[in-house]
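These notes are about the structure you will find just below.
The values are calculated or read from the model by the stated rules, or taken from the named source; none is laboratory data. Predicted, not measured: the structure shown is a model, and the values here were computed from it. Cβ: placed from backbone, ideal geometry, glycine included. Neighbour counts: every protein chain shown.
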Amino acid sequence: MMAQQESTGETRSRQFFSRREMRTLEKFADVAIDGHKEPISPRDIAFNIDEQIARTNSNRTRSLKLVLFLVEYILPLLSFRPPFSWMSKTMRRHFIDRKLANPRGLLSGLMQNLARVKILFLTGYYGDPRVFNSVHFTWPDRRDKYKGKLEELGPADGVEPVELFEPTSATLDAEVCVIGSGAAGAVVAYHAATKYGRDVVLIEEGPYVQGMAEISHDDSQMIPKLYKEGGLQTTVDLQMSILQGKCLGGATYINNAICFRLGDEALSPAQGPGVLRRWKQNGAHIDEGRLAESYGRVEKMINVGALDDRAEEGFSDIGGENVAKLLSGWKALVDAGKAPADIKSGRFKKNYRRCLGCGSCTLACRYKRKMSMVETYIPAAVKAGAKVIVNCHARQIETNGRVVTGVRCKRKDGGDLFIRAKKVVVSCGAIGSSVLLMRSGIHKRARRIGSRFSFNANTPLIARFPKPVNSFDGVQMGSYIDNRDFMLESWFGSPYAFSVIVPGWFGRHFQRMQEYDRLATAGVLIGTNNNARVKRMAFFRNLFGPVAYAMTDLDRERIRRGMAQLAEVYFAAGAEVVYLSSFVLDLEMKASEFKDRPDAIKAFIDKHARRQMDLNINSAHPQGGNPMSDDPRIGAVDSQFRVHGYDNLFVCDASVFPTTIRINPQLTIMAMADYLGHLDVL
């Protein structure tokens with residue numbers, strides 16, 4: 001029986017953690033959130049955490065119980081202290097400060113990873129709407145400029161709900177089965193159904209979430225519902241979070257709708273002659289002219305255009321101040337002769353239609369203004385006869401020699417489904433596609449499955465300005481500076497998401513969040529070396545993370561140079577202080593000491609941001625794992641997307657990229673899928 005607890009006058013029930021674990025959570029929250037007149041209690045925070053983890057479908061939630069056990073018993077025992085929850089508040093504060101906030105000694109690396117437990121308490125506190133007023137955040141539907149319009153406005157023109165298919169038996173026949181409904185799978189299914197008239201079944205592991213009834217601005221509700229592993233997915237060493245969608249439409253439904261073509265990026269000499277020519281050197285032969293035609297078709301289908309041209313009438317600047325600060329700082333440097341004038345910068349192109357600039361893109365668009373796969377390719381495929389099945393997990397691809405015979409699936413209700421198919425296209429995304437192929441034994445023939453994995457890796461910097469800028473009021477990502485081998489991209493998030501990147505513990509972190517309305521943020525984005533690998537053993541994938549990765553010295557150097565340049569940009573824009581985002585370090589640069597001193601900025605960053613674990617690094621753009629090459633010694637699939645060693649098995653998604661493309665990849669993934677759709681192999 002669940003225990004009953006009282007919290008601010010309400011009765012709340014434990015859902016995931018035990019009574020002992022809840023006590024640890026509450027006692028930790030009591031010191032971790034250290035401010036004045038906190039709107040909610042430590043018990044509220046504990047229950048918020050419990051409810052959020054209960055909503056999260058991930059094997060990694062079990063490891064949180066182990067972390068709490070270590071904090072409650074093992075770490076105190078090693079220090080000859082009583083259990084954590086038995087300590088006085090002063091002792092608990094000292095314990096966290098010594099063991100997690102400022103770890104020392106032989107176990108410092110382990111302690112730095114355990115310090116990430118702080119995320120639970122930050123999201124448990126700053127994700128509670130009762131906290132919003134204290135950090136000067138206003139939910140979109142309560143902002144004066146909208147004046148009730150958000151609830152009155154309907155979806156963008158022509159957007160209709162997707163008609164789903166519900167199997168009536170445990171076996172289903174298809175000419176083409178497409179696994180995954182994201183940027184690649186939806187486009188492939190569309191072409192198979194419309195261009196070739198195939199009997200198509202499109203399956204999606206996640207749910208179909210739509211409209212105002214099911215989509216809200218509440219991160220704590222939506223992230224467990226829409227993200228793979230509920231947003232908890234990381235590399236094996238826990239040092240990089242990996243965000244991927246798990247819903248109909250995949251990442252296109254929850255991303256920031258940024259659209260770059262290959263060729264839009266500015267390449268440094270060190271990166272070579274261009275992405276497609278580097279791919280060709282690795283045996284991946286993609287025709288540039290035909291790919292350009294695919295880009296054009298996709299851009300028309302998903303309504304790609306300039307950011308402000310995609311705004312709802314009456315909302316001319318949906319970018320907001322966060323977008324403006326990045327560009328104004330860069331312009332000031334260029335005008336002063338302190339930055340090259342030929343560096344590309346500007347506002348992103350996006351696949352919006354009548355955007356309102358509410359700033360909740362990564363929680364799906366409850367106003368249906370993002371032209372994701374759910375609003376474009378998937379309904380068009382359904383009209384052509386494709387069957388779309390959600391909450392359907394592909395567990396194994398059945399084979400007979402070189403021929404794939406079908407896909408075995410598990411439904412959310414526990415029922416089995418076997419899809420007999422003449423052709424199978426795997427579009428589960430980087431990681432997911434490799435895992436499915438490994439689980440099906442495909443890697444025994446195509447031995448490069450899981451290899452040449454890479455990321456668009458990002459680390460943020462935070463700038464504080466003298467006056468409120470209300471960065472939350474506008475699109476989350478709107479502007480960029482492309483400095484050839486790294487990108488600077490504006491980003492901002494709700495208190496829930498933003499609190500995780502703010503450095504510091506206890507009162508320092510609390511104070512910085514009190515200045516939330518005066519903060520601006522951008523990230524340094526690099527395309528990493530393709531030295532990562534998807535782990536083959538399910539035990540390690542489930543317990544620690546699916547990808548083994550260690551950042552190279554060259555990649556760390558590029559990130560540090562990007563951080564130094566971004567700090568210069570913010571000082572030129574008028575920032576008082578710039579913070580480095582870290583789980584461990586608490587570092588800041590003051591304008592009074594560092595402005596107009598680029599060498600001092602770089603020296604400071606080089607000194608303190610030496611290791612990958614020193615920085616808060618994440619990626620929403622994993623790539624590779626099933627690299628394309630006509631040489632099976634290098635790649636898992638050939639230039640027609642066919643898996644080596646099989647006649648009717650294809651992979652089409654970011655996992656086929658032989659190298660990272662560095663820019664936001666969604667448009668290129670869609671264009672590659674369109675390219676496949678015109679190869680006459682479906």
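Would you tally the residues in region 309-345 being surrounded by fewer than 16 Cβ atoms within 10 Å (Cβ to Cβ) and touching a Ser or Thr at 6+ places or on another chain (Cβ under 7 Å)?
Number satisfying all stated conditions: 0.
Would it be correct to say that Ala671 is in a helix (DSSP H, G or I) and either touching a Ser or Thr at 6+ places or on another chain (Cβ under 7 Å) or among the small types (Gly, Ala, Ser) (or both)? Write out each step before concluding.
Values: in a helix (DSSP H, G or I): yes; either touching a Ser or Thr at 6+ places or on another chain (Cβ under 7 Å) or among the small types (Gly, Ala, Ser) (or both): yes.
Against the criterion (in a helix (DSSP H, G or I) and either touching a Ser or Thr at 6+ places or on another chain (Cβ under 7 Å) or among the small types (Gly, Ala, Ser) (or both)), Ala671 qualifies.
Looking at Lys383, Lys387, which one is more than 18 Å from Asn664 (Cα to Cα), free of Cβ contacts under 8 Å to residues at least 40 places away in the same chain and in the same structural domain as Ala673 (by TED's automatic domain parsing)?
Numbers: Lys387 fails: free of Cβ contacts under 8 Å to residues at least 40 places away in the same chain.
Selected residue: Lys383, the only one of Lys383, Lys387 that is more than 18 Å from Asn664 (Cα to Cα), free of Cβ contacts under 8 Å to residues at least 40 places away in the same chain and in the same structural domain as Ala673 (by TED's automatic domain parsing).
Name the pairs: first residue in region 341-367 and without any contact (Cβ under 8 Å) to a residue 40 or more places away in the chain, second residue of a type in the set (Gly, Ala, Ser), Cβ to Cβ under 9 Å, at least 6 apart or on different chains?
Asp342/Ala266
Does Asn456 satisfy the criteria of being under 22 Å from the mean Cα position of the chain (by Cα), in contact (Cβ under 8 Å) with a residue 12 or more places away in the chain and not in a strand (DSSP E or B)?
Working: under 22 Å from the mean Cα position of the chain (by Cα): yes; in contact (Cβ under 8 Å) with a residue 12 or more places away in the chain: yes; not in a strand (DSSP E or B): no.
Here the answer is no, as Asn456 does not meet what is asked.
If Asp517 passes every condition in (1) free of Cβ contacts under 8 Å to residues at least 12 places away in the same chain; (2) more than 28 Å from Asn57 (Cα to Cα) but one, which one does it miss?
(1)
Could you please let me know if Arg19 is assigned by TED's automatic domain parsing to the domain that holds Leu120, free of Cβ contacts under 8 Å to residues at least 60 places away in the same chain and of a type in the set (Lys, Arg)?
On the way: assigned by TED's automatic domain parsing to the domain that holds Leu120: yes; free of Cβ contacts under 8 Å to residues at least 60 places away in the same chain: yes; of a type in the set (Lys, Arg): yes.
Judged against the criteria, Arg19 is a match.
Report yes if some residue within region 65-83 is under 21 Å from Met513 (Cβ atoms) and touching a residue at least 40 places away in the same chain (Cβ under 8 Å); otherwise report no.
Of the residues in region 65-83, the ones under 21 Å from Met513 (Cβ atoms) are none.
Within region 65-83, none of the residues are under 21 Å from Met513 (Cβ atoms) and touching a residue at least 40 places away in the same chain (Cβ under 8 Å).
Looking for something more than 19 Å from the chain's Cα centre (by Cα), of a type outside the set (Val, Ile, Thr) and not assigned by TED's automatic domain parsing to the domain that holds Thr90 - is there at least one such residue anywhere in region 487-503?
Initial filter on region 487-503 (more than 19 Å from the chain's Cα centre (by Cα)): 503.
Next cut, of a type outside the set (Val, Ile, Thr) only: 503.
Imposing the further condition that a residue be not assigned by TED's automatic domain parsing to the domain that holds Thr90 reduces the set to 503.
Yes, some residue in region 487-503 is more than 19 Å from the chain's Cα centre (by Cα), of a type outside the set (Val, Ile, Thr) and not assigned by TED's automatic domain parsing to the domain that holds Thr90.
Just a yes or no: is a residue in region 295-304 closer than 27 Å to Tyr496 by Cα and buried (at least 18 other Cβ atoms within 10 Å of the Cβ)? Reasoning before the result, please.
Filtering region 295-304 for residues closer than 27 Å to Tyr496 by Cα gives none.
No: region 295-304 contains no residue that is closer than 27 Å to Tyr496 by Cα and buried (at least 18 other Cβ atoms within 10 Å of the Cβ).
So which residues in region 215-241 are under 29 Å from His191 (Cβ atoms) and of a type outside the set (Lys, Arg)?
Taking region 215-241 first, the residues under 29 Å from His191 (Cβ atoms) are 215, 226-228.
Answer for region 215-241, where residues must be under 29 Å from His191 (Cβ atoms) and of a type outside the set (Lys, Arg): Ile215, Leu226, Tyr227.
Yes or no: Val388 under 16 Å from Gln210 (Cβ atoms), at pLDDT 95 or above and not in a strand (DSSP E or B)? Even if it seems obvious, please write down each step before you answer.
Working: under 16 Å from Gln210 (Cβ atoms): yes; at pLDDT 95 or above: yes; not in a strand (DSSP E or B): no.
Criteria not met by Val388.
Kindly indicate whether Arg278 is of a type in the set (Lys, Arg), surrounded by 14 or more Cβ atoms within 10 Å (Cβ to Cβ), out of contact with any Pro (no Cβ under 6 Å at 6 or more places or on another chain) and modelled with pLDDT under 95. Spell out how you get there, then give the answer.
Working: of a type in the set (Lys, Arg): yes; surrounded by 14 or more Cβ atoms within 10 Å (Cβ to Cβ): yes; out of contact with any Pro (no Cβ under 6 Å at 6 or more places or on another chain): yes; modelled with pLDDT under 95: yes.
The answer is yes for Arg278.
Please work out which residue is surrounded by the most Cβ atoms within 10 Å (Cβ to Cβ), limiting yourself to region 588-643 and to residues that are in a helix (DSSP H, G or I) and among the aliphatic types (A, V, I, L, M).
Of region 588-643, the ones in a helix (DSSP H, G or I) are 591-594, 598-608, 612-614.
This time we only want the ones that are among the aliphatic types (A, V, I, L, M), so: 591, 600-601, 603, 605, 613.
Values: Ala591: 19, Ala600: 14, Ile601: 22, Ala603: 12, Ile605: 24, Met613: 21.
The qualifying residue surrounded by the most Cβ atoms within 10 Å (Cβ to Cβ) is Ile605.
Does region 553-568 contain at least one residue that is surrounded by fewer than 23 Cβ atoms within 10 Å (Cβ to Cβ), at pLDDT 95 or above and not in a helix (DSSP H, G or I)?
Checked region 553-568: no residue is surrounded by fewer than 23 Cβ atoms within 10 Å (Cβ to Cβ), at pLDDT 95 or above and not in a helix (DSSP H, G or I).
Which numbered condition in (1) at pLDDT 95 or above; (2) under 22 Å from Pro161 (Cα atoms) is the only one that Leu327 fails?
(2)
So how many residues does region 188-211 have that are under 17 Å from Glu160 (Cβ atoms), more than 20 Å from the chain's Cα centre (by Cα) and of a type in the set (Ser, Thr, Tyr)?
2
Of these, Gly545, Gly562, which one is on the phi > 0 side of the Ramachandran plot, touching a residue at least 24 places away in the same chain (Cβ under 8 Å) and not aliphatic (A, V, I, L, M)?
Details: Gly562 fails: on the phi > 0 side of the Ramachandran plot.
Just a single option satisfies the conditions, and that option is Gly545.
Being in a helix (DSSP H, G or I), closer than 25 Å to Ser13 by Cα and either touching a strand residue (DSSP E or B) at 6+ places or on another chain (Cβ under 8 Å) or free of Cβ contacts under 8 Å to residues at least 24 places away in the same chain (or both), is that true of even one residue in region 90-105?
Going residue by residue through region 90-105, those that are in a helix (DSSP H, G or I) are 90-101.
Remaining after also requiring closer than 25 Å to Ser13 by Cα: none.
Taking every residue of region 90-105 in turn, none turns out to be in a helix (DSSP H, G or I), closer than 25 Å to Ser13 by Cα and either touching a strand residue (DSSP E or B) at 6+ places or on another chain (Cβ under 8 Å) or free of Cβ contacts under 8 Å to residues at least 24 places away in the same chain (or both).
Residues are listed down the side, and each one gets a yes or a no for (1) in contact with a helix residue (DSSP H, G or I) (Cβ under 6 Å, 6 or more places away or on another chain); (2) surrounded by fewer than 20 Cβ atoms within 10 Å (Cβ to Cβ); (3) under 26 Å from Ile254 (Cβ atoms):
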{"position": "Leu461", "(1), (2), (3)": "yes, no, yes"}
{"position": "Met477", "(1), (2), (3)": "no, no, yes"}
{"position": "Arg512", "(1), (2), (3)": "no, no, no"}
{"position": "Ile526", "(1), (2), (3)": "yes, no, yes"}
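Checking Glu6 against (1) assigned to a helix (DSSP H, G or I); (2) at pLDDT below 95; (3) surrounded by fewer than 19 Cβ atoms within 10 Å (Cβ to Cβ), which test does it fail?
With (1) assigned to a helix (DSSP H, G or I); (2) at pLDDT below 95; (3) surrounded by fewer than 19 Cβ atoms within 10 Å (Cβ to Cβ) applied to Glu6, the lone miss is (1).
Would you pick out the residues in region 201-219 that are surrounded by 21 or more Cβ atoms within 10 Å (Cβ to Cβ) and either in contact with a Pro (Cβ under 6 Å, 6 or more places away or on another chain) or farther than 20 Å from Ala671 by Cα (or both)?
Taking region 201-219 and keeping what is surrounded by 21 or more Cβ atoms within 10 Å (Cβ to Cβ), we get 201-206, 209-210, 215, 219.
Scanning region 201-219 gives Val201, Ile203, Glu204, Glu205, Gly206, Val209, Gln210, Ile215, Asp219.
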